[in-house]
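Just so you know, all these numbers are worked out from the coordinates, no wet-lab data involved. Bear in mind the structure is a predicted one, so any value in this text is a computation, not a measurement. Quick reminder, even Gly has a Cβ in these numbers, built from the backbone with ideal geometry, and neighbours come from all protein chains shown.
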Amino acid sequence: MGQEAIQLSVVIPTYNEASRIGPSLQRVWGYLRSRYGAGGFEMIVVDDGSRDSTVAVVEQFMARAPELRLIRFSQNRGKGAAIRAGMMAATGAVVLFSDADLSTPIEEVDGALKLLSEGSDLVIGSRALVGSQILVRQTRLRELMGKLFNRLLRVYLSIPFRDTQCGFKLFRREAAHAVFQYARIDGFAFDVEAILIAMQLGYAVCEMPVRWINDPSSQVSLLRHPVQMLVDLWRIRQRLATEPPQRATPLR
């Protein structure tokens, strides 16, 4: 599988996903095989120190899917760290990261690819735009917290987008490598950091309405993670102000 032949890389972070990663991999692999053929794509699963049988399920799938690679962390480091490792390892012309639960269906990548072809460098899947289809909603509390978080981002970090936290984002590879070479946030605020870095580097960022199906078994804690995210937002703002990112030579 030569690097030049790979058109799309899909990065999927996992942490204790044994119950659903198999069907998710089958759906993504089947769709990409039908679209690109054998060897025209790659899937990179980054396991963030799972304590269940996630790795065994992924390795079993790898036996029949040569396009699938596995990166393993010996201990849990955080979703941001997992995404960063996968994005830096990707060799496709464009790179998507998608949550393992496929809350945004893999088929939505077609719309994002169209936006890249029209000049965007980073396409953000959004649940908050006109045209988004929320097929299964979050609880009212989670929706309220999401809206408050987005309002904070607009005021505190001047982010103009309606939804930064949807786990579905497509990058040109050059942009992905430039952004994640600089990124440092290991937790759930990594999306915010990535978007801000891309904006500071001058990449064209746009939002795209998506279909979305809430997974009630979300691993985001309403008690612990919001506090850590607020701390991380402060860290992001301080670092971007004192160490602004510079475009580096693209990785080959």
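Here is how the numbers come out for the structure above:
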quantity	calculated
Among Ser120, Met43, Thr91 - extreme Cα towards positive end, dipole of the chain, charges at beta-carbon	Ser120
Efficiency of FRET between Ser74 and Ser34 - r from beta-carbon atoms, R0 30 angstrom, step 0.05	0.25
Near-label residues of region 15-33 by backbone N, under 18 Å of a point 7 Å along Cα→Cβ of Ala93	32-33
Ascending count of other beta-carbon atoms within 10 Å, so fewest first, for Arg154, Arg69, Arg237	Arg154, Arg237, Arg69
Residue-span extension gain [Ser19 to Ala63] - 0.36 nm each, minus C-alpha spacing	14.0 nm
Test item: Cα-centred dipole of the chain, Lys/Arg +1 and Asp/Glu -1 on Cβ, debye	480
Mean residue ellipticity (222 nm) of the chain, computed from DSSP H runs ≥ 4 via -39,500 (n - 2.57), nearest 500	-12500 deg cm²/dmol
The chain: relative contact order as a whole-number percent, Cα under 8 Å and 6+ apart	22
Per-peptide average of other Cβ atoms within 10 Å, ordering 179-186, 197-204, 111-118 highest first	179-186, 197-204, 111-118
Relative contact order computed over region 26-96 (Cα-Cα under 8 Å; 6+ residues apart), in percent	36
Residue-span extension gain [Gln246 to Gln228] - 0.36 nm each, minus C-alpha spacing	3.8 nm
Value of Rg/Rh across region 3-242 [Cα atoms, Kirkwood radius]	0.93
Separation of alpha-carbon centers, region 72-90 and region 133-211, rounded to whole Å	18
